Amino acid sequence: MLGRTLREVSAALKQGQVTPTELCKKCLSLIKKTRYLNAYITVSEEVALKQAEESEKRYKEGRSLGDLDGIPVAVKDNFSTSGIETSCASNMLKGYIPPYNATVVQKLLDQGALLMGKTNLDEFAMGSGSTDGVFGPVRNPWSYSRQYRERRQRDAQEDSHWLIAGGSSGGSAAAVAAFTCFAALGSDTGGSTRNPAAHCGLVGFKPSYGLVSRHGLIPLVNSMDVPGIFSRCVDDTATVLGVLAGHDPKDSTTVQDPIKPSMIPSVMDVSRLCIGIPKEYLVPELSNEIRSLWSQAADLFESGGAKVIEVSLPHTCYSIVCYHVLCTSEVASNMARFDGLQYGHRSGIDVSTEAMYAATRQEGFNDVVRGRILSGNFFLLKENYENYFIKAQKVRRLIVRDFLNVFDSGVDVLLTPTTLREAMPYLEFIKEDNRTRSAQDDIFTQAVNMAGLPAVSVPVALSNQGLPIGLQLIGRAFCDQQLLAVAKWLEKQVQFPVIQLQDLLDDGSLVLENGKLASVSLTQ
(Lines give C-alpha, C1' and ligand atoms only; values in the text may rest on other atoms or scores of the structure.)
Protein backbone atom coordinates (compact mmCIF):
# COMPACT_ATOMS: atom_id res chain seq x y z
CA MET A 1 0.00 0.00 0.00
CA LEU A 2 2.81 2.46 0.84
CA GLY A 3 4.31 2.10 -2.62
CA ARG A 4 1.14 3.24 -4.35
CA THR A 5 0.40 6.74 -5.60
CA LEU A 6 -1.67 9.18 -3.60
CA ARG A 7 -4.62 8.77 -5.96
CA GLU A 8 -4.49 4.96 -5.78
CA VAL A 9 -4.44 5.05 -1.98
CA SER A 10 -7.26 7.58 -1.96
CA ALA A 11 -9.34 5.16 -4.06
CA ALA A 12 -8.39 2.27 -1.72
CA LEU A 13 -9.53 4.33 1.29
CA LYS A 14 -12.87 5.10 -0.39
CA GLN A 15 -13.40 1.42 -1.22
CA GLY A 16 -12.53 0.38 2.34
CA GLN A 17 -9.50 -1.72 1.31
CA VAL A 18 -7.50 0.08 4.01
CA THR A 19 -8.44 2.45 6.84
CA PRO A 20 -6.78 5.81 7.56
CA THR A 21 -5.58 4.47 10.94
CA GLU A 22 -3.92 1.42 9.33
CA LEU A 23 -2.25 3.66 6.77
CA CYS A 24 -1.11 6.11 9.44
CA LYS A 25 0.36 3.33 11.59
CA LYS A 26 2.22 1.83 8.60
CA CYS A 27 3.78 5.21 7.84
CA LEU A 28 4.69 5.86 11.49
CA SER A 29 6.31 2.42 11.71
CA LEU A 30 8.35 3.16 8.58
CA ILE A 31 9.37 6.58 9.93
CA LYS A 32 10.82 4.79 12.97
CA LYS A 33 12.62 2.20 10.81
CA THR A 34 14.16 4.86 8.58
CA ARG A 35 15.05 7.25 11.41
CA TYR A 36 18.73 7.18 10.38
CA LEU A 37 17.77 9.08 7.19
CA ASN A 38 17.17 12.06 9.52
CA ALA A 39 14.29 13.17 7.28
CA TYR A 40 12.08 14.30 10.18
CA ILE A 41 12.85 16.82 12.90
CA THR A 42 9.53 16.28 14.69
CA VAL A 43 7.23 13.26 14.28
CA SER A 44 3.67 14.26 15.25
CA GLU A 45 2.50 10.74 16.07
CA GLU A 46 -0.34 11.63 18.44
CA VAL A 47 -1.66 14.36 16.17
CA ALA A 48 -1.57 12.07 13.11
CA LEU A 49 -3.35 9.19 14.88
CA LYS A 50 -6.06 11.53 16.14
CA GLN A 51 -6.51 12.93 12.61
CA ALA A 52 -6.66 9.35 11.26
CA GLU A 53 -9.37 8.47 13.78
CA GLU A 54 -11.46 11.47 12.68
CA SER A 55 -10.91 10.58 9.02
CA GLU A 56 -12.00 7.00 9.64
CA LYS A 57 -15.18 8.25 11.25
CA ARG A 58 -15.92 10.38 8.16
CA TYR A 59 -15.36 7.44 5.80
CA LYS A 60 -17.69 5.25 7.87
CA GLU A 61 -20.38 7.95 7.71
CA GLY A 62 -19.85 8.36 3.95
CA ARG A 63 -18.75 12.00 4.11
CA SER A 64 -15.15 11.91 2.92
CA LEU A 65 -13.63 15.38 2.45
CA GLY A 66 -11.94 14.56 -0.87
CA ASP A 67 -8.87 12.93 -2.37
CA LEU A 68 -6.59 13.91 0.53
CA ASP A 69 -8.82 12.62 3.33
CA GLY A 70 -6.78 10.10 5.37
CA ILE A 71 -3.61 10.61 3.30
CA PRO A 72 -0.31 10.91 5.26
CA VAL A 73 1.69 14.04 4.35
CA ALA A 74 4.80 15.76 5.73
CA VAL A 75 5.65 19.46 6.01
CA LYS A 76 9.03 21.19 5.86
CA ASP A 77 9.95 22.67 9.24
CA ASN A 78 9.80 26.28 8.04
CA PHE A 79 5.99 26.26 7.75
CA SER A 80 4.16 27.32 10.90
CA THR A 81 2.14 24.51 12.49
CA SER A 82 -0.16 25.30 15.38
CA GLY A 83 0.91 23.48 18.53
CA ILE A 84 3.84 21.73 16.80
CA GLU A 85 7.39 23.02 17.12
CA THR A 86 8.64 24.93 14.05
CA SER A 87 12.40 25.35 14.24
CA CYS A 88 13.71 26.10 10.70
CA ALA A 89 16.51 23.71 11.82
CA SER A 90 18.02 26.59 13.81
CA ASN A 91 18.96 27.18 17.44
CA MET A 92 17.23 30.54 17.01
CA LEU A 93 13.80 28.90 16.90
CA LYS A 94 14.42 25.71 18.90
CA GLY A 95 11.36 25.18 21.07
CA TYR A 96 9.25 27.78 19.20
CA ILE A 97 5.63 26.61 18.92
CA PRO A 98 3.53 28.79 16.57
CA PRO A 99 -0.01 29.74 17.61
CA TYR A 100 -1.35 29.31 14.05
CA ASN A 101 -1.04 27.17 10.90
CA ALA A 102 0.45 28.33 7.63
CA THR A 103 -2.35 28.67 5.05
CA VAL A 104 -1.05 25.72 3.00
CA VAL A 105 -0.91 23.52 6.11
CA GLN A 106 -4.44 24.56 7.08
CA LYS A 107 -5.70 23.77 3.57
CA LEU A 108 -4.22 20.26 3.74
CA LEU A 109 -5.74 19.67 7.18
CA ASP A 110 -9.12 21.04 6.02
CA GLN A 111 -9.09 18.32 3.36
CA GLY A 112 -8.44 15.63 5.99
CA ALA A 113 -4.73 15.02 5.33
CA LEU A 114 -2.74 13.40 8.18
CA LEU A 115 0.29 15.42 9.31
CA MET A 116 3.05 12.87 9.98
CA GLY A 117 5.61 15.45 11.06
CA LYS A 118 7.97 18.31 10.26
CA THR A 119 10.90 17.61 7.96
CA ASN A 120 14.57 18.52 8.11
CA LEU A 121 16.26 21.28 6.09
CA ASP A 122 19.28 23.55 5.85
CA GLU A 123 19.10 26.20 8.59
CA PHE A 124 16.44 28.76 7.56
CA ALA A 125 16.37 27.02 4.14
CA MET A 126 19.79 28.42 3.20
CA GLY A 127 21.63 25.67 1.33
CA SER A 128 21.43 23.05 -1.39
CA GLY A 129 22.31 19.84 0.45
CA SER A 130 20.19 19.74 3.64
CA THR A 131 23.49 19.40 5.46
CA ASP A 132 23.63 22.67 7.41
CA GLY A 133 20.74 22.42 9.86
CA VAL A 134 21.24 22.17 13.60
CA PHE A 135 19.70 18.66 13.59
CA GLY A 136 22.33 17.22 11.24
CA PRO A 137 22.32 16.23 7.55
CA VAL A 138 19.58 14.35 5.71
CA ARG A 139 20.55 11.06 4.04
CA ASN A 140 19.26 10.29 0.57
CA PRO A 141 17.17 7.05 0.62
CA TRP A 142 18.78 6.11 -2.71
CA SER A 143 22.06 5.59 -0.77
CA TYR A 144 20.43 2.37 0.46
CA SER A 145 18.64 1.35 -2.75
CA ARG A 146 19.37 -1.93 -4.47
CA GLN A 147 19.95 -0.01 -7.73
CA TYR A 148 22.81 2.06 -6.25
CA ARG A 149 24.36 -0.63 -4.09
CA GLU A 150 24.53 -3.19 -6.87
CA ARG A 151 26.38 -0.81 -9.18
CA ARG A 152 28.87 0.41 -6.62
CA GLN A 153 32.02 -1.47 -5.72
CA ARG A 154 31.71 -2.87 -2.24
CA ASP A 155 34.26 -1.59 0.21
CA ALA A 156 34.95 -1.69 3.92
CA GLN A 157 33.51 1.76 4.66
CA GLU A 158 30.06 0.88 3.37
CA ASP A 159 28.21 3.48 5.43
CA SER A 160 30.51 6.42 4.75
CA HIS A 161 29.29 6.58 1.14
CA TRP A 162 25.77 7.80 1.88
CA LEU A 163 24.53 10.53 -0.42
CA ILE A 164 23.09 13.96 0.20
CA ALA A 165 19.37 14.42 -0.42
CA GLY A 166 19.75 17.89 -2.00
CA GLY A 167 18.33 21.02 -0.45
CA SER A 168 17.15 22.93 1.18
CA SER A 169 13.97 20.78 1.38
CA GLY A 170 15.92 17.50 1.61
CA GLY A 171 13.90 16.17 4.56
CA SER A 172 10.62 16.42 2.64
CA ALA A 173 12.18 14.75 -0.40
CA ALA A 174 13.65 11.89 1.68
CA ALA A 175 10.33 11.45 3.51
CA VAL A 176 8.41 10.92 0.26
CA ALA A 177 11.18 8.85 -1.41
CA ALA A 178 11.33 6.49 1.59
CA PHE A 179 7.53 5.94 1.46
CA THR A 180 6.88 7.47 4.90
CA CYS A 181 4.22 9.77 3.37
CA PHE A 182 2.54 10.27 -0.02
CA ALA A 183 3.29 13.96 -0.56
CA ALA A 184 5.21 16.67 1.26
CA LEU A 185 5.51 20.43 1.31
CA GLY A 186 8.84 22.09 0.67
CA SER A 187 9.70 25.70 -0.02
CA ASP A 188 11.42 26.96 -3.18
CA THR A 189 13.37 30.23 -3.24
CA GLY A 190 16.11 29.34 -5.74
CA GLY A 191 15.49 25.65 -6.38
CA SER A 192 14.95 24.22 -2.89
CA THR A 193 12.15 21.89 -4.03
CA ARG A 194 13.35 20.97 -7.52
CA ASN A 195 16.96 20.21 -6.49
CA PRO A 196 16.16 17.56 -3.82
CA ALA A 197 13.38 16.15 -6.01
CA ALA A 198 15.94 15.54 -8.77
CA HIS A 199 18.36 13.89 -6.32
CA CYS A 200 15.68 11.71 -4.71
CA GLY A 201 13.85 10.59 -7.88
CA LEU A 202 10.65 12.56 -7.24
CA VAL A 203 8.43 15.08 -8.96
CA GLY A 204 9.28 18.48 -7.43
CA PHE A 205 6.96 21.34 -8.36
CA LYS A 206 7.44 25.09 -7.91
CA PRO A 207 4.16 26.91 -8.64
CA SER A 208 3.90 30.36 -10.23
CA TYR A 209 4.63 33.12 -7.70
CA GLY A 210 1.25 34.25 -6.35
CA LEU A 211 -0.67 31.04 -7.07
CA VAL A 212 -0.12 29.51 -3.62
CA SER A 213 -0.17 31.42 -0.32
CA ARG A 214 3.08 32.14 1.54
CA HIS A 215 1.31 33.08 4.78
CA GLY A 216 2.94 31.12 7.60
CA LEU A 217 6.00 30.16 5.55
CA ILE A 218 8.85 31.68 7.57
CA PRO A 219 10.29 34.07 4.97
CA LEU A 220 13.70 33.85 3.38
CA VAL A 221 13.26 36.04 0.27
CA ASN A 222 9.73 37.44 0.12
CA SER A 223 9.84 38.25 -3.58
CA MET A 224 10.92 34.71 -4.58
CA ASP A 225 9.71 32.24 -1.91
CA VAL A 226 6.94 29.84 -2.91
CA PRO A 227 5.65 26.67 -1.24
CA GLY A 228 6.69 23.62 -3.30
CA ILE A 229 5.17 20.15 -3.67
CA PHE A 230 6.92 16.76 -3.57
CA SER A 231 5.18 13.65 -4.82
CA ARG A 232 5.93 10.39 -6.59
CA CYS A 233 4.00 11.23 -9.79
CA VAL A 234 2.66 14.28 -11.63
CA ASP A 235 -1.02 13.41 -11.03
CA ASP A 236 -0.41 13.49 -7.28
CA THR A 237 1.24 16.90 -7.61
CA ALA A 238 -1.82 18.18 -9.48
CA THR A 239 -4.12 16.80 -6.75
CA VAL A 240 -2.20 18.63 -4.01
CA LEU A 241 -1.91 21.82 -6.09
CA GLY A 242 -5.69 21.79 -6.59
CA VAL A 243 -6.07 21.99 -2.81
CA LEU A 244 -3.35 24.61 -2.19
CA ALA A 245 -3.86 27.08 -5.05
CA GLY A 246 -5.99 30.19 -4.72
CA HIS A 247 -6.26 33.63 -3.20
CA ASP A 248 -5.50 34.10 0.50
CA PRO A 249 -6.59 37.33 2.20
CA LYS A 250 -3.59 36.88 4.53
CA ASP A 251 -1.12 37.03 1.61
CA SER A 252 -1.51 40.11 -0.59
CA THR A 253 0.80 38.62 -3.23
CA THR A 254 -1.66 35.82 -4.11
CA VAL A 255 -3.73 36.34 -7.25
CA GLN A 256 -7.38 37.30 -6.93
CA ASP A 257 -8.61 35.34 -9.98
CA PRO A 258 -10.61 32.18 -9.27
CA ILE A 259 -8.50 29.04 -9.77
CA LYS A 260 -9.79 26.22 -11.95
CA PRO A 261 -9.46 22.70 -10.49
CA SER A 262 -6.14 21.06 -11.37
CA MET A 263 -7.18 18.05 -13.42
CA ILE A 264 -4.65 17.01 -16.02
CA PRO A 265 -5.90 15.33 -19.19
CA SER A 266 -4.97 11.65 -19.31
CA VAL A 267 -3.92 11.95 -22.97
CA MET A 268 -1.78 14.87 -24.08
CA ASP A 269 -1.21 15.85 -27.69
CA VAL A 270 2.31 17.26 -27.72
CA SER A 271 2.30 17.78 -31.49
CA ARG A 272 0.90 21.28 -30.98
CA LEU A 273 3.66 22.23 -28.56
CA CYS A 274 6.84 24.17 -29.10
CA ILE A 275 9.62 23.12 -26.68
CA GLY A 276 12.51 25.54 -26.13
CA ILE A 277 16.04 24.40 -25.28
CA PRO A 278 17.98 27.37 -23.75
CA LYS A 279 21.50 27.29 -25.22
CA GLU A 280 22.96 29.15 -22.21
CA TYR A 281 22.12 26.15 -19.97
CA LEU A 282 24.68 23.99 -21.78
CA VAL A 283 27.48 24.80 -19.33
CA PRO A 284 30.88 23.05 -19.15
CA GLU A 285 30.19 21.83 -15.59
CA LEU A 286 27.12 19.83 -16.70
CA SER A 287 27.79 16.09 -16.43
CA ASN A 288 27.93 14.13 -19.69
CA GLU A 289 25.18 11.79 -18.52
CA ILE A 290 22.74 14.61 -17.84
CA ARG A 291 23.69 16.33 -21.11
CA SER A 292 22.92 13.09 -22.97
CA LEU A 293 19.58 12.55 -21.16
CA TRP A 294 18.59 16.18 -21.83
CA SER A 295 19.21 15.61 -25.53
CA GLN A 296 17.29 12.30 -25.48
CA ALA A 297 14.33 13.94 -23.76
CA ALA A 298 14.29 16.61 -26.49
CA ASP A 299 14.28 13.77 -29.07
CA LEU A 300 11.32 12.17 -27.26
CA PHE A 301 9.32 15.40 -27.64
CA GLU A 302 10.34 15.63 -31.29
CA SER A 303 9.30 12.07 -32.01
CA GLY A 304 5.99 12.85 -30.25
CA GLY A 305 5.41 15.52 -32.90
CA ALA A 306 6.43 18.60 -30.88
CA LYS A 307 8.50 21.35 -32.42
CA VAL A 308 11.82 21.54 -30.54
CA ILE A 309 13.95 24.65 -31.03
CA GLU A 310 17.05 26.19 -29.48
CA VAL A 311 16.31 29.49 -27.70
CA SER A 312 18.40 32.14 -26.01
CA LEU A 313 18.09 33.62 -22.51
CA PRO A 314 20.96 36.11 -22.96
CA HIS A 315 21.17 37.36 -19.35
CA THR A 316 21.52 33.87 -17.84
CA CYS A 317 25.22 34.43 -17.12
CA TYR A 318 24.36 37.29 -14.73
CA SER A 319 21.50 35.52 -12.98
CA ILE A 320 23.38 33.70 -10.20
CA VAL A 321 25.21 36.89 -9.11
CA CYS A 322 22.03 38.93 -9.36
CA TYR A 323 20.18 36.28 -7.34
CA HIS A 324 22.90 36.32 -4.66
CA VAL A 325 22.67 40.10 -4.19
CA LEU A 326 18.85 40.17 -4.03
CA CYS A 327 18.62 37.01 -1.93
CA THR A 328 21.09 38.12 0.76
CA SER A 329 19.61 41.64 0.87
CA GLU A 330 16.14 40.30 1.60
CA VAL A 331 17.59 37.75 4.03
CA ALA A 332 19.29 40.57 6.00
CA SER A 333 15.99 42.40 6.18
CA ASN A 334 13.92 39.32 7.14
CA MET A 335 16.36 38.05 9.76
CA ALA A 336 16.22 41.36 11.65
CA ARG A 337 13.06 40.09 13.39
CA PHE A 338 15.05 37.49 15.35
CA ASP A 339 16.22 39.76 18.15
CA GLY A 340 15.63 37.59 21.23
CA LEU A 341 12.79 39.78 22.47
CA GLN A 342 9.54 38.43 21.07
CA TYR A 343 10.09 34.72 20.37
CA GLY A 344 12.77 32.14 19.85
CA HIS A 345 16.18 32.01 21.49
CA ARG A 346 17.27 34.75 23.91
CA SER A 347 20.81 35.03 25.24
CA GLY A 348 21.39 35.23 28.99
CA ILE A 349 23.81 38.15 28.55
CA ASP A 350 22.14 41.23 30.01
CA VAL A 351 24.90 43.86 30.19
CA SER A 352 22.92 45.98 27.72
CA THR A 353 20.21 45.56 25.11
CA GLU A 354 22.79 45.77 22.32
CA ALA A 355 24.94 43.07 23.96
CA MET A 356 21.86 40.85 24.34
CA TYR A 357 20.94 41.33 20.64
CA ALA A 358 24.47 40.52 19.49
CA ALA A 359 24.87 37.48 21.72
CA THR A 360 21.40 36.15 20.80
CA ARG A 361 22.17 36.30 17.09
CA GLN A 362 25.67 34.89 17.55
CA GLU A 363 24.29 31.91 19.49
CA GLY A 364 21.10 31.48 17.43
CA PHE A 365 22.36 31.59 13.84
CA ASN A 366 24.96 29.36 12.21
CA ASP A 367 27.86 30.68 10.11
CA VAL A 368 25.94 30.32 6.85
CA VAL A 369 23.01 32.45 8.01
CA ARG A 370 25.29 35.06 9.61
CA GLY A 371 27.37 35.18 6.42
CA ARG A 372 24.30 35.88 4.29
CA ILE A 373 23.07 38.56 6.70
CA LEU A 374 26.49 40.19 6.53
CA SER A 375 26.53 40.13 2.71
CA GLY A 376 22.99 41.51 2.53
CA ASN A 377 23.72 44.35 4.92
CA PHE A 378 26.82 45.22 2.87
CA PHE A 379 24.75 45.46 -0.34
CA LEU A 380 22.17 47.61 1.47
CA LEU A 381 24.67 50.13 2.89
CA LYS A 382 23.87 53.66 1.74
CA GLU A 383 27.09 53.89 -0.31
CA ASN A 384 26.49 50.44 -1.96
CA TYR A 385 22.72 50.47 -2.45
CA GLU A 386 22.73 51.93 -5.99
CA ASN A 387 25.67 49.85 -7.21
CA TYR A 388 24.45 46.53 -5.88
CA PHE A 389 20.80 46.30 -4.87
CA ILE A 390 19.30 48.67 -7.46
CA LYS A 391 21.55 47.32 -10.21
CA ALA A 392 20.55 43.74 -9.33
CA GLN A 393 16.86 44.74 -9.49
CA LYS A 394 17.45 46.08 -13.01
CA VAL A 395 19.22 42.87 -14.06
CA ARG A 396 16.33 40.88 -12.58
CA ARG A 397 13.98 42.83 -14.84
CA LEU A 398 16.14 41.86 -17.87
CA ILE A 399 16.05 38.19 -16.82
CA VAL A 400 12.25 38.35 -16.56
CA ARG A 401 12.15 39.94 -20.03
CA ASP A 402 14.34 37.14 -21.46
CA PHE A 403 11.73 34.58 -20.43
CA LEU A 404 8.85 36.76 -21.69
CA ASN A 405 10.53 37.18 -25.09
CA VAL A 406 10.99 33.42 -25.44
CA PHE A 407 7.39 32.64 -24.49
CA ASP A 408 6.08 35.47 -26.69
CA SER A 409 7.97 33.97 -29.63
CA GLY A 410 5.67 30.94 -29.49
CA VAL A 411 7.55 28.61 -27.12
CA ASP A 412 5.19 26.81 -24.71
CA VAL A 413 7.62 25.11 -22.33
CA LEU A 414 11.38 25.19 -21.75
CA LEU A 415 13.28 21.94 -21.18
CA THR A 416 16.49 22.18 -19.09
CA PRO A 417 18.55 20.11 -16.64
CA THR A 418 17.59 20.50 -12.95
CA THR A 419 21.06 19.87 -11.51
CA LEU A 420 24.64 19.70 -12.81
CA ARG A 421 25.14 16.14 -11.60
CA GLU A 422 23.52 13.30 -9.66
CA ALA A 423 23.51 13.27 -5.84
CA MET A 424 27.03 13.14 -4.43
CA PRO A 425 28.38 11.48 -1.28
CA TYR A 426 28.13 13.68 1.83
CA LEU A 427 31.88 13.56 2.49
CA GLU A 428 32.54 14.93 -0.98
CA PHE A 429 29.77 17.54 -0.75
CA ILE A 430 31.14 19.16 2.42
CA LYS A 431 34.58 19.73 0.87
CA GLU A 432 33.14 22.98 -0.52
CA ASP A 433 31.44 25.63 1.60
CA ASN A 434 27.70 26.30 1.54
CA ARG A 435 27.92 29.41 -0.63
CA THR A 436 30.02 27.69 -3.33
CA ARG A 437 27.71 24.67 -3.38
CA SER A 438 24.57 26.86 -3.55
CA ALA A 439 26.02 28.85 -6.46
CA GLN A 440 26.74 25.58 -8.31
CA ASP A 441 23.47 23.86 -7.46
CA ASP A 442 21.10 26.78 -8.12
CA ILE A 443 22.50 27.47 -11.58
CA PHE A 444 19.51 26.07 -13.54
CA THR A 445 16.82 26.83 -10.98
CA GLN A 446 17.12 30.32 -9.45
CA ALA A 447 16.28 32.37 -12.58
CA VAL A 448 12.79 30.84 -12.53
CA ASN A 449 12.25 32.22 -9.01
CA MET A 450 13.38 35.69 -10.06
CA ALA A 451 10.89 35.56 -12.95
CA GLY A 452 8.06 34.08 -10.82
CA LEU A 453 7.44 31.23 -13.32
CA PRO A 454 6.19 27.70 -12.66
CA ALA A 455 8.75 24.88 -12.98
CA VAL A 456 8.80 21.16 -12.31
CA SER A 457 11.60 18.61 -12.00
CA VAL A 458 10.65 15.22 -13.43
CA PRO A 459 12.80 12.11 -12.75
CA VAL A 460 13.78 10.66 -16.14
CA ALA A 461 16.37 7.90 -15.64
CA LEU A 462 18.98 6.33 -13.41
CA SER A 463 22.62 7.25 -13.93
CA ASN A 464 25.34 4.65 -14.53
CA GLN A 465 25.71 4.61 -10.74
CA GLY A 466 22.05 3.77 -10.27
CA LEU A 467 21.06 7.23 -9.03
CA PRO A 468 18.10 9.37 -10.14
CA ILE A 469 18.48 12.17 -12.66
CA GLY A 470 15.79 14.82 -13.10
CA LEU A 471 15.07 17.26 -15.91
CA GLN A 472 13.29 20.59 -15.46
CA LEU A 473 10.32 21.93 -17.40
CA ILE A 474 9.58 25.67 -17.16
CA GLY A 475 6.22 27.16 -18.14
CA ARG A 476 4.62 30.55 -18.68
CA ALA A 477 3.42 32.38 -15.56
CA PHE A 478 0.12 30.91 -14.31
CA CYS A 479 0.11 28.18 -16.97
CA ASP A 480 0.86 25.69 -14.19
CA GLN A 481 -1.75 23.25 -15.42
CA GLN A 482 -0.34 23.13 -18.96
CA LEU A 483 3.15 22.66 -17.51
CA LEU A 484 2.00 19.70 -15.39
CA ALA A 485 0.25 18.18 -18.42
CA VAL A 486 3.54 18.29 -20.37
CA ALA A 487 5.38 16.89 -17.32
CA LYS A 488 2.87 14.02 -17.16
CA TRP A 489 3.50 13.25 -20.84
CA LEU A 490 7.26 13.12 -20.25
CA GLU A 491 6.77 11.00 -17.11
CA LYS A 492 4.72 8.49 -19.11
CA GLN A 493 7.36 8.26 -21.84
CA VAL A 494 10.33 7.63 -19.53
CA GLN A 495 8.76 5.17 -17.05
CA PHE A 496 11.15 6.05 -14.23
CA PRO A 497 11.90 2.96 -12.07
CA VAL A 498 10.70 2.64 -8.49
CA ILE A 499 13.34 2.81 -5.76
CA GLN A 500 14.03 -0.68 -4.41
CA LEU A 501 14.48 -0.43 -0.67
CA GLN A 502 13.61 -4.02 0.22
CA ASP A 503 17.16 -4.79 1.40
CA LEU A 504 16.79 -1.96 3.84
CA LEU A 505 13.88 -3.32 5.82
CA ASP A 506 14.13 -6.50 7.82
CA ASP A 507 10.52 -7.56 7.34
CA GLY A 508 10.43 -6.95 3.56
CA SER A 509 7.34 -4.80 4.05
CA LEU A 510 8.24 -2.62 1.12
CA VAL A 511 7.84 -5.05 -1.74
CA LEU A 512 6.12 -2.68 -4.13
CA GLU A 513 3.01 -3.43 -6.13
CA ASN A 514 4.23 -1.19 -8.94
CA GLY A 515 7.73 -2.62 -9.11
CA LYS A 516 6.80 -3.35 -12.74
CA LEU A 517 7.79 0.20 -13.64
CA ALA A 518 11.41 -0.91 -13.79
CA SER A 519 11.78 -0.45 -17.56
CA VAL A 520 13.43 2.81 -18.58
CA SER A 521 13.30 4.07 -22.15
CA LEU A 522 15.85 6.81 -21.52
CA THR A 523 19.02 4.76 -21.29
CA GLN A 524 22.63 5.76 -21.40
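Brief remarks follow.
- Of the residues screened, GLN111 is not one that is in contact (Cβ under 8 Å) with a residue 40 or more places away in the chain and more than 22 Å from LYS26 (Cα to Cα).
- Residue match in the range 4-18 (condition: closer than 17 Å to GLY117 by Cβ, in a helix (DSSP H, G or I), basic (Lys, Arg) and open to solvent by 40 Å² or more (accessible area, probe 1.4 Å)): no
- Restricting attention to the range 331-350, the residues that are among the charged types (D, E, K, R) and open to solvent by less than 40 Å² (accessible area, probe 1.4 Å) add up to 1.
- Remark: GLY191 falls outside the filter, which requires a residue to be open to solvent by less than 10 Å² (accessible area, probe 1.4 Å), touching a Pro at 6+ places or on another chain (Cβ under 9 Å) and not in a helix (DSSP H, G or I).
- Residue identified as out of contact with any Ser or Thr (no Cβ under 9 Å at 6 or more places or on another chain), under 26 Å from ALA165 (Cα atoms) and touching a residue at least 12 places away in the same chain (Cβ under 8 Å) among VAL212, VAL234, VAL221: VAL234
- Number of the condition not met by ILE84 [criteria: (1) more than 23 Å from ILE218 (Cβ to Cβ); (2) open to solvent by 10 Å² or more (accessible area, probe 1.4 Å); (3) modelled with pLDDT of 95 or more]: (1)
- Subset of the range 252-265 (residues that are in contact (Cβ under 8 Å) with a residue 24 or more places away in the chain and under 17 Å from PHE478 (Cα atoms)): THR253, THR254, VAL255, ILE259, LYS260, SER262, MET263, ILE264
- Yes/no for LEU28 being open to solvent by less than 60 Å² (accessible area, probe 1.4 Å), in contact with a strand residue (DSSP E or B) (Cβ under 9 Å, 6 or more places away or on another chain) and either modelled with pLDDT of 95 or more or in a helix (DSSP H, G or I) (or both): yes
- Candidates LYS60, LYS94, LYS76, LYS107 - the one that is within 27 Å of GLY204 (Cα to Cα), open to solvent by 40 Å² or more (accessible area, probe 1.4 Å) and basic (Lys, Arg): LYS107
- Only one entry of LEU293, LEU282, LEU300 meets the criterion of being open to solvent by 50 Å² or more (accessible area, probe 1.4 Å), of a type in the set (A, V, I, L, M) and within 29 Å of GLN465 (Cα to Cα), and that entry is LEU282.
- Subset of the range 372-388 [farther than 19 Å from TYR343 by Cβ and open to solvent by less than 30 Å² (accessible area, probe 1.4 Å)]: SER375, GLY376, PHE379, ASN384
- For the range 389-442, the set of residues classified as among the polar types (S, T, N, Q), in contact (Cβ under 8 Å) with a residue 24 or more places away in the chain and open to solvent by 30 Å² or more (accessible area, probe 1.4 Å) consists of GLN393, SER409, GLN440, listed by residue number.
- Scope the range 217-263; condition open to solvent by less than 10 Å² (accessible area, probe 1.4 Å), within 21 Å of ILE71 (Cα to Cα) and acidic (Asp, Glu); matching residues: ASP236
- Flag for TYR36 being of a type in the set (Phe, Trp, Tyr) and farther than 26 Å from THR237 by Cβ: yes
- The range 142-188 - residue that is surrounded by fewer than 24 Cβ atoms within 10 Å (Cβ to Cβ), of a type in the set (S, T, N, Q) and within 29 Å of LEU23 (Cα to Cα) and, of those, modelled with the highest pLDDT: SER143
- Any hit, the range 47-55, residues being in a loop (DSSP other than H, G, I, E, B), polar (S, T, N, Q) and modelled with pLDDT of 95 or more: no
Per-residue answers, yes or no, for (1) more than 30 Å from ARG476 (Cβ to Cβ); (2) in a loop (DSSP other than H, G, I, E, B); (3) in contact with a Gly (Cβ under 8 Å, 6 or more places away or on another chain):
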residue: GLY127; (1), (2), (3): no, yes, yes
residue: PRO137; (1), (2), (3): yes, yes, yes
residue: TRP142; (1), (2), (3): yes, no, yes
residue: GLU150; (1), (2), (3): yes, no, yes
residue: GLY167; (1), (2), (3): no, yes, yes
residue: ALA174; (1), (2), (3): yes, no, no
residue: PHE179; (1), (2), (3): yes, yes, yes
residue: ALA198; (1), (2), (3): no, no, yes
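Yes or no, residue by residue, for (1) without any contact (Cβ under 8 Å) to a residue 24 or more places away in the chain; (2) of a type outside the set (Ser, Thr, Tyr):
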position: MET1; (1), (2): no, yes
position: ALA11; (1), (2): yes, yes
position: GLY16; (1), (2): no, yes
position: GLU22; (1), (2): yes, yes
position: CYS27; (1), (2): no, yes
position: THR34; (1), (2): no, no
position: SER44; (1), (2): no, no
position: ARG63; (1), (2): yes, yes
position: GLY70; (1), (2): no, yes
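- Check on VAL308, open to solvent by 50 Å² or more (accessible area, probe 1.4 Å) and not in a helix (DSSP H, G or I): no
The values are calculated or read from the model by the stated rules, or taken from the named source; none is laboratory data. The structure presented is a predicted model; accordingly, all values stated were derived computationally and were not measured. Here the Cβ is made from the backbone with ideal geometry for all residues, glycine too, and neighbour counts use every protein chain on show. These accessible areas exclude ligands, DNA and RNA; they are computed on the full protein's heavy atoms, side chains included. Shrake-Rupley method; radii C 1.70, N 1.55, O 1.52, S 1.80 Å.
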